[in-house]
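Note sheet for the following structure.
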């Protein structure tokens, strides 16, 4: 069976639980068509580059799909009929990736910076925190 990556954007006023319910519904549609979702990633509520249907933010979800074309066509039809989905895109890929997507790795890296990596702001190039680096002498 061919492999696909499908990303959809859900309206900003939905809760995370409602977005998960949408994802489960699309997974069931694929399962009925003898396909499966190998992996799903919720990327969170993110700001859009431009307004789409009066929405400034959207919930992003990516699905790694292993399904025949007929099952995928039915899922895309369901996505198109759903009023909570404001954009979607499906691409065919040669193989499904087993590692996290770039968006997930980016979020993990940002959380690591906030939790324990850096303390309260930027560091100087020499690695010392901003307040502790020596001052330059004024030019004469």
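Of the residues that sit in segment 1-11 and are touching a helix residue (DSSP H, G or I) at 6+ places or on another chain (Cβ under 8 Å) and over 11 Å from residue 65 (Cβ atoms), which one is surrounded by the fewest Cβ atoms within 10 Å (Cβ to Cβ)?
Just the residues of segment 1-11 that are touching a helix residue (DSSP H, G or I) at 6+ places or on another chain (Cβ under 8 Å), to begin with: 2, 4, 6, 8, 10.
Right, trim to over 11 Å from residue 65 (Cβ atoms) and you get 8, 10.
Numbers: 8: 25, 10: 23.
Across segment 1-11, the extreme among qualifying residues is 10.
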Do you know which of the residues in segment 12-22 that are in a helix (DSSP H, G or I) and without any contact (Cβ under 8 Å) to a residue 24 or more places away in the chain is surrounded by the fewest Cβ atoms within 10 Å (Cβ to Cβ)? 17
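Residues are listed down the side, and each one gets a yes or a no for (1) exposed (fewer than 13 other Cβ atoms within 10 Å of the Cβ); (2) over 23 Å from the mean Cα position of the chain (by Cα); (3) modelled with pLDDT of 65 or more:
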| site | (1), (2), (3) |
| --- | --- |
| 64 | no, no, yes |
| 69 | no, yes, yes |
| 91 | yes, no, yes |
| 113 | yes, no, no |
| 126 | yes, yes, no |
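Table: residues versus (1) without any contact (Cβ under 8 Å) to a residue 12 or more places away in the chain; (2) over 17 Å from residue 106 (Cβ atoms).
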| site | (1), (2) |
| --- | --- |
| 37 | no, yes |
| 40 | no, yes |
| 50 | yes, yes |
| 62 | no, no |
| 69 | no, yes |
| 76 | no, yes |
| 87 | no, yes |
| 91 | no, yes |
Condition check: in a helix (DSSP H, G or I) and modelled with pLDDT under 75. Does residue 119 satisfy that? no
Scanning segment 23-38 for residues that are surrounded by fewer than 17 Cβ atoms within 10 Å (Cβ to Cβ) and in a strand (DSSP E or B) gives 36, 38
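The values are calculated or read from the model by the stated rules, or taken from the named source; none is laboratory data. These numbers come from a predicted model, not from an experiment. Because the Cβ atoms are built from the backbone with ideal geometry, glycine has one as well, and the counts that use them run over all protein chains shown.
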